[in-house]
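*Asks:* Below is a structure I'd like to ask you about.
The values are calculated or read from the model by the stated rules, or taken from the named source; none is laboratory data. Fair warning: this is a prediction, and the values are worked out from it, not measured in the lab. With ideal geometry, Cβ positions are generated from the backbone for all residues, glycine too; neighbour counts draw on all protein chains shown.
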Amino acid sequence: MTSVVPPPPIAPQSTGMLQAPLVSQTPVRRAQAPSRGRGLRAAALAALCLAELLVVIDNTIVNVAIPTFARDLNASTTGLQWIVDAYTLAFACLLLPAGHLGDRIGRRRVLVIGLAAFGVVSGATALCTTLDAVTTCRALLGICAALVYPATLSLIMTTFEGSPRKGLAVGLWAATSGLGIALGPILGGLLLEHFSWESIFWVNVPLALITVPAVLVAVPESRSSEKARFDVVGAILSAIGVGALVWGIIEGPHRGWTSGAVTTAFIVGAICVSALVAWELHWPHPLIDVRLFFRREFSAGAVSIAAAFFALFGFIFIITQYFQDVRGYSALMAGVATLPFAIVMAVVSPIASVLSRRLGPGWVVGVGLGIMGLGFWRVTVLEADSAYWQMIVPAMVIMAAGLALVQAPATSAIMGVVRKDQVGAASAMNDTTREIGGTLGVAVLGSIVASQFSDSLNSAVSGLMPQQALDQADNSITAAMTVAKYMPETVQGLFKEAAVNAFMDTVHQAGWVVACVAWAGALIAVIALPRGRQNSV
């Protein structure tokens, strides 16, 4: 784990030039970070991990319902992407403002507000009857989650301040994240086996009702003592900039990369991000000190997390369809099939913190991303009938072990270069890179599937069926299998085989993309992150 001595505050100069203060200059109110016994800290950690688990599960539980949404809501591949991306995009856009808000008015207060709203909006989502309504509510859930997620890590950092178990706490936080990623599809599959898709949202309501009082009882409040104004301009620029860039990536394959709408989105995104950097350098109380990106630990940690979650979320989007539409698993079996991933994440994540302290985050994170790449390399040779235990499980074990080695050490690298009064903003930056990476993973790999599957299927079955039916079938592998049910038996088998082959071709291409991203991230981590024994988190 990284041991970095933060730089001293920049002294005011009398040159007449406007100075850009560090984010971490704001003092911490000592009374809000009291010494707490081991039992009280453990209770606070349990409550915060429960809050984190609620958000993470909702981020992944939807993936197992993708084929169900395609059938019940008549959703295309693009529509399916937006059910997933509406949550993660809203989440990523608002994480920095939410972390900044927690530093200002209280991290626990923001966390409780987010949890309560999360329960209410989940119930509203379950009552939706159209694709547009579900997508809108998913975006609202992303906003609520943005209030919750950075507060969980920042409150862990303040609660365990000065404790030798801080690294272990961060490791357990990371393990909870990985556990939720894997448990989401299992819980979703179990619910969809017995109930309709609405049940995956109803389940959040009682979980939120349990988590809110647990946080109020077990977690101490924490905030910055300075009464600074909220950075409204920075919040708007960050939301528009991130949103425009990711929207352009998602819509590029469908509208055309050089279309007016997509080009405009990229231009707007680039302008807003540039304006955000300029604004944050001059605003006295910015969302995040952008000069932190010149610290190798901070920037390399952010890149490592983004690369890991680019790989993970893009792969989950694809593998869910592989299990259900290619292998014919039920929603429950598709979820259970990912259980090895959850087990490995839970076991390896706490160990990663120990390894990082002894070997340095550079080696641990680099090895983690490297073996993630190996896991996705195995996907490039995956076939429709590949043996589950001999082929699929080893790949998932490798991926999960790699992710576990990345998350906690990279998070510690990011948190280690900021001072404790701005842990909310730093936690939000950590979460933002994670969610941007995940959103881009779904967008990029979903774009590959949407474009390549359609082209391959049309080429393979041209003339085999009416063009109108083919236009419906080439939206997604789920749509193709649904259309196949209504075909004459004489052509049904040929069509299904063509659809599976077209989908597997896209999976192989996606596997190479993900592997290359992971290996590039591994190289950056080894070069830029500290190597050798570390003294603290």
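*Asks:* Of all residues being in contact (Cβ under 8 Å) with a residue 40 or more places away in the chain and not in a helix (DSSP H, G or I) in the stretch 318-355, which is nearest to Leu440 (Cα to Cα)? Just the residue, please.
*Replies:* In this case the residue turns out to be Thr338.
*Asks:* So, one more: If I ask for residues that are assigned to a helix (DSSP H, G or I) and in contact with a Pro (Cβ under 8 Å, 6 or more places away or on another chain), which ones from the stretch 356-367 would you list?
*Replies:* Start the filter on the stretch 356-367 by keeping residues that are assigned to a helix (DSSP H, G or I), which leaves 356-359, 361-367.
If the condition is that a residue be assigned to a helix (DSSP H, G or I) and in contact with a Pro (Cβ under 8 Å, 6 or more places away or on another chain), then Ser356, Pro361, Gly362, Val364, Val365 are the ones that fit.
*Asks:* Here is a follow-up. May I ask you to verify whether Phe294 is buried (at least 21 other Cβ atoms within 10 Å of the Cβ) and among the aromatic types (Phe, Trp, Tyr)? Give the derivation first.
*Replies:* Numbers: buried (at least 21 other Cβ atoms within 10 Å of the Cβ): no; among the aromatic types (Phe, Trp, Tyr): yes.
No.
*Asks:* Exactly one of these conditions fails for Val379: (1) at pLDDT 90 or above; (2) among the β-branched types (Val, Ile, Thr); (3) touching a Leu at 6+ places or on another chain (Cβ under 9 Å). Give me its number.
*Replies:* With (1) at pLDDT 90 or above; (2) among the β-branched types (Val, Ile, Thr); (3) touching a Leu at 6+ places or on another chain (Cβ under 9 Å) applied to Val379, the lone miss is (3).
*Asks:* Can you tell me which residue is surrounded by the fewest Cβ atoms within 10 Å (Cβ to Cβ) among those in the stretch 173-196 that are within 21 Å of Gly123 (Cα to Cα) and under 22 Å from the mean Cα position of the chain (by Cα)? Walk me through how you get there before you give the answer.
*Replies:* Narrowing the stretch 173-196 to residues within 21 Å of Gly123 (Cα to Cα): 180, 183-196.
Filter once more, so that each one left must be under 22 Å from the mean Cα position of the chain (by Cα): 180, 183-189.
On the way: Gly180: 23, Leu183: 23, Gly184: 25, Pro185: 30, Ile186: 24, Leu187: 20, Gly188: 29, Gly189: 26.
Here the residue is Leu187.
*Asks:* Shifting gears a bit: Any idea which residue in the stretch 299-348 is modelled with the highest pLDDT, counting only those that are polar (S, T, N, Q) and out of contact with any Gly (no Cβ under 6 Å at 6 or more places or on another chain)?
*Replies:* In this case the residue turns out to be Ser299.
*Asks:* State yes or no: is Thr78 within 22 Å of Pro213 (Cβ to Cβ), in the same structural domain as Pro213 (by the TED database), assigned to a helix (DSSP H, G or I) and at pLDDT below 95?
*Replies:* Against the criterion (within 22 Å of Pro213 (Cβ to Cβ), in the same structural domain as Pro213 (by the TED database), assigned to a helix (DSSP H, G or I) and at pLDDT below 95), Thr78 does not qualify.
*Asks:* Sticking with this one: Quick one: in the stretch 496-537, which of the residues that are assigned to a loop (DSSP other than H, G, I, E, B) and of a type outside the set (A, V, I, L, M, F, W, C) is modelled with the lowest pLDDT?
*Replies:* Applying the first criterion (assigned to a loop (DSSP other than H, G, I, E, B)) to the stretch 496-537 yields 529-537.
Restricting the remaining residues to those that are of a type outside the set (A, V, I, L, M, F, W, C) gives 530-536.
Details: Pro530: 90, Arg531: 86, Gly532: 76, Arg533: 72, Gln534: 68, Asn535: 61, Ser536: 52.
Looking at residues that are assigned to a loop (DSSP other than H, G, I, E, B) and of a type outside the set (A, V, I, L, M, F, W, C), I get Ser536.
*Asks:* Determine, yes or no, whether Phe313 is within 19 Å of the chain's Cα centre (by Cα) and part of a helix (DSSP H, G or I). Working first, answer last.
*Replies:* Numbers: within 19 Å of the chain's Cα centre (by Cα): yes; part of a helix (DSSP H, G or I): yes.
Spelling it out, Phe313 is indeed within 19 Å of the chain's Cα centre (by Cα) and part of a helix (DSSP H, G or I).
*Asks:* Take Leu216 and decide whether it is in contact (Cβ under 8 Å) with a residue 60 or more places away in the chain, farther than 13 Å from Arg108 by Cβ and surrounded by fewer than 17 Cβ atoms within 10 Å (Cβ to Cβ). Steps first, answer last, please.
*Replies:* Details: in contact (Cβ under 8 Å) with a residue 60 or more places away in the chain: yes; farther than 13 Å from Arg108 by Cβ: no; surrounded by fewer than 17 Cβ atoms within 10 Å (Cβ to Cβ): yes.
No: the conditions fail for Leu216.
*Asks:* Ile288 - would you say it is in contact (Cβ under 8 Å) with a residue 40 or more places away in the chain, crowded, with 17+ Cβ neighbours inside 10 Å and not in a helix (DSSP H, G or I)? Write out each step before concluding.
*Replies:* Numbers: in contact (Cβ under 8 Å) with a residue 40 or more places away in the chain: yes; crowded, with 17+ Cβ neighbours inside 10 Å: yes; not in a helix (DSSP H, G or I): yes.
Answer is yes for this residue.
*Asks:* Now for a different question. Being modelled with pLDDT under 90 and assigned by the TED database to the domain that holds Tyr329 is the requirement here; does Leu470 meet it?
*Replies:* Values: modelled with pLDDT under 90: yes; assigned by the TED database to the domain that holds Tyr329: yes.
Taking the combined requirement at face value, the residue satisfies it.
*Asks:* Another question about this same structure. Which condition number in (1) in the same structural domain as Thr135 (by the TED database); (2) at pLDDT 90 or above is the one that Gly188 fails?
*Replies:* With respect to (1) in the same structural domain as Thr135 (by the TED database); (2) at pLDDT 90 or above, Gly188 is out only on (2).
*Asks:* Right, Met415: under 15 Å from Gly521 (Cβ atoms), outside the structural domain of Ala175 (by the TED database) and not charged (D, E, K, R) or not?
*Replies:* Numbers: under 15 Å from Gly521 (Cβ atoms): no; outside the structural domain of Ala175 (by the TED database): yes; not charged (D, E, K, R): yes.
Criteria not met by Met415.
*Asks:* Among the residues of the stretch 456-512 satisfying the criterion of being charged (D, E, K, R) and under 21 Å from Ile319 (Cα atoms), which is surrounded by the fewest Cβ atoms within 10 Å (Cβ to Cβ)?
*Replies:* First, pick out the residues of the stretch 456-512 that are charged (D, E, K, R): 471, 474, 485, 489, 496-497, 505.
Applying the additional criterion that residues be under 21 Å from Ile319 (Cα atoms) yields 474, 496-497, 505.
Numbers: Asp474: 23, Lys496: 18, Glu497: 14, Asp505: 16.
Checking each candidate, the answer is Glu497.
For (1) over 21 Å from the mean Cα position of the chain (by Cα); (2) without any contact (Cβ under 8 Å) to a residue 60 or more places away in the chain; (3) over 11 Å from Cys144 (Cβ atoms), each residue gets a yes or a no:
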| site | (1), (2), (3) |
| --- | --- |
| Cys49 | no, no, yes |
| Ile57 | no, no, yes |
| Ile66 | no, no, yes |
| Gly79 | no, yes, yes |
| Tyr87 | no, yes, no |
| Phe91 | no, no, no |
| Arg108 | yes, no, yes |
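*Asks:* Looking at the stretch 97-116 only, could you name the residues that are charged (D, E, K, R) and either in contact with a strand residue (DSSP E or B) (Cβ under 7 Å, 6 or more places away or on another chain) or not in a helix (DSSP H, G or I) (or both)?
*Replies:* Within the stretch 97-116, Asp103, Arg104 qualify.
*Asks:* Go through Gly368, Gly373, Gly362 for me and flag whichever is in contact with a Lys or Arg (Cβ under 9 Å, 6 or more places away or on another chain), under 17 Å from Ala520 (Cβ atoms) and either at pLDDT 85 or above or of a type in the set (S, T, N, Q) (or both).
*Replies:* Working: Gly368 fails: in contact with a Lys or Arg (Cβ under 9 Å, 6 or more places away or on another chain); Gly373 fails: in contact with a Lys or Arg (Cβ under 9 Å, 6 or more places away or on another chain).
Selected residue: Gly362, the only one of Gly368, Gly373, Gly362 that is in contact with a Lys or Arg (Cβ under 9 Å, 6 or more places away or on another chain), under 17 Å from Ala520 (Cβ atoms) and either at pLDDT 85 or above or of a type in the set (S, T, N, Q) (or both).
So that you can scan it fast, the table gives a plain yes or no per residue for (1) under 30 Å from Arg41 (Cβ atoms); (2) outside the structural domain of Ala51 (by the TED database); (3) modelled with pLDDT under 90:
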| position | (1), (2), (3) |
| --- | --- |
| Ile200 | no, no, no |
| Leu216 | yes, no, no |
| Leu237 | no, yes, no |
| Leu245 | no, yes, yes |
| His254 | no, yes, yes |
| Ala261 | no, yes, no |
| Cys272 | no, yes, no |
